[in-house]
Amino acid sequence: MRKVILLVLFAFFALSTSASAAYTATSSDLYAYQSGPYKLSVGLWSSTNETVQLTLYSKGPAGQLSPVYSTTVAIGPSVPSPVEKNVGYLAPGTYVVKGDFQGSYGSLGPVGLYQVY
């Protein structure tokens, strides 16, 4: 029984260690002043070829985050930046972007949220 428990704990630790090796970068606050369709522009940088999951969150009055858009992007030293994505219809409010990098380091460059007319 102890061996089974030790194996389960070891497997859990191994999975949590590999999952924590990724790097997450968060933008400063972005604002949508009017309701309508928006475009997200994100400068991305990485010294290696990897993928990054970009997630746009709406930010509530107490700072709680709710995801509103997500996409996965391949990046690397030779991939042009910034990446621009249509994120759909947004209500007025505060938003932030998180980039979950596959590797141990990455960078979000200039980040902007622009209304599409």
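Test SER66 against the stated conditions and say whether it is over 24 Å from TYR117 (Cβ atoms), in a strand (DSSP E or B) and at pLDDT 95 or above.
Yes, satisfied.
Would you please list the contacts, defined by Cβ atoms under 9 Å and residues six or more apart or on different chains, that run from a residue in the range 80-102 that is within 11 Å of VAL68 (Cβ to Cβ) to a residue that is among the charged types (D, E, K, R) and part of a strand (DSSP E or B)?
Short answer, once both residue conditions are applied: VAL87/LYS39; GLY93/LYS59; TYR95/LYS59; VAL96/LYS59.
If I ask for residues that are open to solvent by 60 Å² or more (accessible area, probe 1.4 Å) and under 15 Å from LYS39 (Cα atoms), which ones from the range 59-69 would you list? If you could, list the steps in order and put the result at the bottom.
As a first pass, look at the range 59-69 and keep what is open to solvent by 60 Å² or more (accessible area, probe 1.4 Å): 59, 61-62, 64-65, 67-68.
Residue satisfying the conditions is VAL68 alone.
Okay, residues lined up against (1) over 13 Å from the mean Cα position of the chain (by Cα); (2) outside any helix (DSSP H, G or I); (3) exposed (fewer than 13 other Cβ atoms within 10 Å of the Cβ):
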site: TYR38; (1), (2), (3): yes, yes, no
site: SER41; (1), (2), (3): no, yes, no
site: TYR57; (1), (2), (3): no, yes, no
site: GLU84; (1), (2), (3): yes, yes, yes
site: TYR89; (1), (2), (3): yes, yes, yes
site: LYS98; (1), (2), (3): no, yes, no
site: LEU108; (1), (2), (3): no, yes, no
site: LEU113; (1), (2), (3): yes, yes, no
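Which of the residues that make up the range 43-52 are open to solvent by less than 60 Å² (accessible area, probe 1.4 Å) and touching a residue at least 60 places away in the same chain (Cβ under 8 Å)?
GLY43, LEU44, SER46
The values are calculated or read from the model by the stated rules, or taken from the named source; none is laboratory data. Just so we're clear, the structure is a prediction, and the values are computed from it rather than from any experiment. So basically every Cβ, Gly included, is an ideal-geometry build from the backbone, and we count neighbours across all protein chains shown. Please note that ligands, DNA and RNA were not included when accessible areas were found on the heavy atoms of the full protein model with its side chains. Shrake-Rupley method; radii C 1.70, N 1.55, O 1.52, S 1.80 Å.
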